[in-house]
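To start, the structure itself, in structure tokens.
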Amino acid sequence: MGDGDGLKQSSPESGNVDTGKDAGEQVRVMARLFGSMFYHFANLLVERFGEVEGRRLVEEAVKRFGLERGERMREKAVERGLEPLLVNFDKVNDLPRVGWGGPGREAYCPFAEVWIEKGAEDLCKLYCAVDIWKMEGYNPKIRVRRLRWVLEGNSDCEYRLNQM
């Protein structure tokens, strides 16, 4: 970490304590690193196991990850005395509130920025199912329908969520 990697060292000892004004940028840096890591894992699975089996393994890993996150958010809601309903989801959402959004489709999602740069939109779209699985783990009665998708050329991602 340091020069050339896009990450700033932060510590009280160094005097470089990050404030809220650059927290969004720090989140974007970490998200881009995660996006790159996902690309390499997914790409390696496809290289080693072939297109069909590699993609199936990626889909299964994303499903497990999404369900686990949703289950943790459901537990967090219950611990706070909340029902795991759509109306309470933002109160327990595990994503940072900063670091997403910006002008143009490439800047909207830090993961998508990386995947677009690598020309890997089709493979990395598999990750986006995490949003659907996350809701399934949080409350299986919430239905998610994707309306717009950065990785399909839209300027942002938009979902319709309904509680059954």
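Every read-out reported here was derived from the displayed coordinates using simple, explicitly stated rules and does not represent laboratory data. In this text the structure is predicted, and so the values were computed from the model without any measurement. For neighbour counting, all protein chains shown are included, and Cβ atoms are generated from backbone atoms with ideal geometry for every residue, glycine included.
General observations
- The Cβ shell under 13 Å around Leu82 holds other residues with a net charge of 0, Lys and Arg each +1, Asp and Glu each -1.
- The count of lysine pairs in region 22-163 with alpha-carbon distances below 21 Å, taking only pairs 8 or more places apart or on different chains, stands at 10.
- The string of couplings for region 115-120 from the Karplus curve (6.51, -1.76, 1.60, θ = phi - 60°) is 5, 5, 4, 8, x, 10 Hz, one whole number per residue in order, with x for Gly and Pro.
- Local net charge near Arg146, Cβ-Cβ under 12 Å (Lys/Arg +1, Asp/Glu -1): +1
- Alpha-carbon centroid distance for the pair region 70-141 / region 18-68, whole angstrom: 13 Å
- Both numbers refer to the Cα atoms of region 22-163; Rg and Dmax are 15.6, 46 Å.
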